[in-house]
Amino acid sequence: MNDKITIPVWAIGTFLVVMNTTMFNVALPDVIEQLHITAGQGSWIVSGYSIVFALSTIIFSRLSDFIPIRKLWLIGVTLLMLASIVGFFSDSFGLVLFARLFQASGAGATPGLGMVLASRYVPYERRGRAITMIASGSALAFGLGPVIGGAITQYLGWHELFLVTCLVVVLVPFLLRLIPKESLPKVPFDYFGAACIVVTSSAFLLAVTQLSAVVLIVSLVCLFITIRHLRRAEKPFIPPVLLQNPGYRKLVLLAFMAFVLNLSMLFLMPLIYAKVFQLGAATIGLMIFPGAFLSACLMKLVGRWIDRYGNFRFLVLGHSLLAVSMIIVFIWLDVSPYVTLFAYLLFSPSLSAVTSSLSNEVSRILPKHLIGSGMGLTQLSQYLGGSFAVAVCGILLVWQQQLSPTLAFKHIYLLLFVIMIGSLGMLALYRKGARAADSTVPAEKSA
């Protein structure tokens with residue numbers, strides 16, 4: 001595979017698909033008004049998409065272990081296109097929600113399979129650059145999504161947001177020629193195991209968003225059934241040997257906490273600009289964009305550094321800078337909107353470096369036959385962490401309604417700083433056990 005061409009083209013596709021995650025955030029007020037629905041119903045257009053997107057990511061990644069990437073990606077793009085067309089012509093809440101969930105079921109193929117593609121076919125000495133390039137597409141999408149979504153909603157209408165994602169179809173003939181043709185062993189797919197993962201994850205997120213003890217109990221019961229099934233199944237959806245690797249378990253937890261930070265920041269920044277500084281939607285989008293743009297510009301350089309100096313240095317440096325950005329917002333949040341802008345200029349490239357190093361490290365410590373399921377579970381952990389973070393941040397803001405917005409935001413950022421300190425502690429534990437893990441787990445090259 002010519003990764004110097006394939007990976008940049010795939011990064012463009014990742015940008016178009018991931019941008020669909022954040023474009024609807026700024027359009028939500030218009031959707032609620034035009035469809036005459038409640039804010040609670042409207043929130044499902046965003047949160048429901050995130051949940052299904054996270055679950056489809058691991059399913060497509062796991063399927064790549066025995067179904068060719070070319071075929072899976074084409075299926076994902078087809079689902080995405082059909083759903084986008086349905087969404088464009090939707091005029092009721094039910095159809096819009098269906099279209100968004102349908103979109104998410106196909107959208108998860110692009111970021112999930114992209115990491116598998118880079119891990120499977122790019123040599124380790126260049127893999128860091130490949131993974132960071134795909135990550136830069138996601139980072140730029142998170143930043144540009146609100147800007148493009150706001151402009152399209154204001155001048156054309158929110159229905160047209162569904163058509164933006166359709167641009168990915170232009171890449172289909174190119175990627176079908178560039179993606180290697182694979183001959184993989186046919187293995188029975190563990191449908192029951194996949195269903196267990198979907199139900200368990202969805203029930204957990206519903207329990208958090210709805211603060212429901214009953215649903216939480218359901219999620220715990222499903223978790224027990226899932227673990228029991230994965231241990232007994234002949235070809236389980238998630239191979240137990242994957243979770244028996246202590247180093248991999250730590251990386252999955254780090255991925256979860258990294259996206260807790262990511263989605264918390266993206267959720268809180270617009271609220272800070274609106275409630276503390278009374279900025280408009282268009283201005284808010286422009287305030288978020290510089291950080292995402294800087295991240296995308298630096299990723300090629302960061303990728304080279306990761307290949308040269310190893311993953312662990314960038315994991316430590318990235319986590320340290322994330323902690324610094326949290327402290328900056330915590331201390332000077334109410335001084336100026338540019339304080340938060342500066343913090344995000346520091347935050348966005350640091351987060352991209354962390355997620356790229358994590359993915360590269362996962363590909364290093366796992367054998368090739370576990371890369372698909374390993375990458376899928378890592379990304380599932382990331383997106384579940386993001387969904388969990390948004391729900392918890394919303395709950396914390398409601399609980400602090402009696403306080404000033406500035407004080408409420410500061411409390412949350414202090415909590416996020418504590419999470420980063422915990423992540424640094426987890427990194428220290430990972431480093432301590434890394435040498436022992438390298439001696440027992442197949443690896444292509446040590447960090």
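The values are calculated or read from the model by the stated rules, or taken from the named source; none is laboratory data. Just so we're clear, the structure is a prediction, and the values are computed from it rather than from any experiment. Counting neighbours? That spans all protein chains shown, and the Cβs are built from the backbone with ideal geometry, glycine included. Note: areas computed on protein heavy atoms with side chains; ligands, DNA, RNA excluded. Shrake-Rupley method; radii C 1.70, N 1.55, O 1.52, S 1.80 Å.
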**Fill in**
Here the residues within the range 162-173 that are under 25 Å from the mean Cα position of the chain (by Cα) and either open to solvent by 30 Å² or more (accessible area, probe 1.4 Å) or closer than 18 Å to T14 by Cβ (or both) are L163, V164, T165, C166, L167, V168, V169, V170, L171, V172
**Prompt:** Would you pick out the residues in the range 242-251 that are surrounded by fewer than 22 Cβ atoms within 10 Å (Cβ to Cβ) and either in contact with a Leu (Cβ under 7 Å, 6 or more places away or on another chain) or not in a helix (DSSP H, G or I) (or both)?
**Reply:** L242, Q244, N245, R249, K250
**Prompt:** What tally of residues in the range 36-55 results from selecting those that are open to solvent by less than 10 Å² (accessible area, probe 1.4 Å) and more than 18 Å from A195 (Cα to Cα)?
**Reply:** 2
**Asked** Can we say L266 is assigned to a helix (DSSP H, G or I), touching a Ser or Thr at 6+ places or on another chain (Cβ under 9 Å), at pLDDT below 80 and buried (at least 23 other Cβ atoms within 10 Å of the Cβ)?
**Response** yes
**Complete:** Among residues of the range 56-101 being among the aromatic types (F, W, Y) and part of a helix (DSSP H, G or I), the residue surrounded by the fewest Cβ atoms within 10 Å (Cβ to Cβ) is F88
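This table checks each residue for (1) farther than 30 Å from A353 by Cα; (2) open to solvent by 30 Å² or more (accessible area, probe 1.4 Å); (3) β-branched (V, I, T); (4) in a helix (DSSP H, G or I).
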{"site": "R228", "(1), (2), (3), (4)": "yes, yes, no, yes"}
{"site": "K235", "(1), (2), (3), (4)": "yes, yes, no, no"}
{"site": "I238", "(1), (2), (3), (4)": "no, no, yes, no"}
{"site": "L254", "(1), (2), (3), (4)": "no, no, no, yes"}
{"site": "V260", "(1), (2), (3), (4)": "no, no, yes, yes"}
**Prompt:** Is the range 137-145 home to any residue that is free of Cβ contacts under 8 Å to residues at least 12 places away in the same chain and either touching a Gly at 6+ places or on another chain (Cβ under 9 Å) or open to solvent by less than 40 Å² (accessible area, probe 1.4 Å) (or both)?
**Reply:** no
**Prompt:** If you go through the range 340-391 one residue at a time, how many are open to solvent by 10 Å² or more (accessible area, probe 1.4 Å) and among the basic types (K, R)?
**Reply:** 1
**Request:** Could you list all residues from the range 102-136 that are surrounded by 24 or more Cβ atoms within 10 Å (Cβ to Cβ) and β-branched (V, I, T)?
**Result:** T110, V116, I131, T132, I134
**Message:** As an exercise: evaluate Y191 against (1) in contact (Cβ under 8 Å) with a residue 24 or more places away in the chain; (2) open to solvent by 30 Å² or more (accessible area, probe 1.4 Å); (3) among the hydroxyl-bearing types (S, T, Y) and give the number of the one condition it does not meet.
**Reply:** (1)
**Prompt:** How many residues does the range 269-304 hold that are touching a Gly at 6+ places or on another chain (Cβ under 8 Å) and open to solvent by 50 Å² or more (accessible area, probe 1.4 Å)?
**Reply:** 5
**Complete:** Per the list (1) farther than 30 Å from L211 by Cα; (2) surrounded by fewer than 17 Cβ atoms within 10 Å (Cβ to Cβ), residue check on I327 breaks on (1)
**Request:** Kindly establish whether L220 is out of contact with any strand residue (DSSP E or B) (no Cβ under 6 Å at 6 or more places or on another chain), open to solvent by 60 Å² or more (accessible area, probe 1.4 Å) and either under 27 Å from C393 (Cα atoms) or among the small types (G, A, S) (or both).
**Result:** yes
**Prompt:** Within the range 306-323, which residues are without any contact (Cβ under 8 Å) to a residue 40 or more places away in the chain and either touching an Asp or Glu at 6+ places or on another chain (Cβ under 6 Å) or open to solvent by 10 Å² or more (accessible area, probe 1.4 Å) (or both)?
**Reply:** R308, Y309, R313, L317, L321
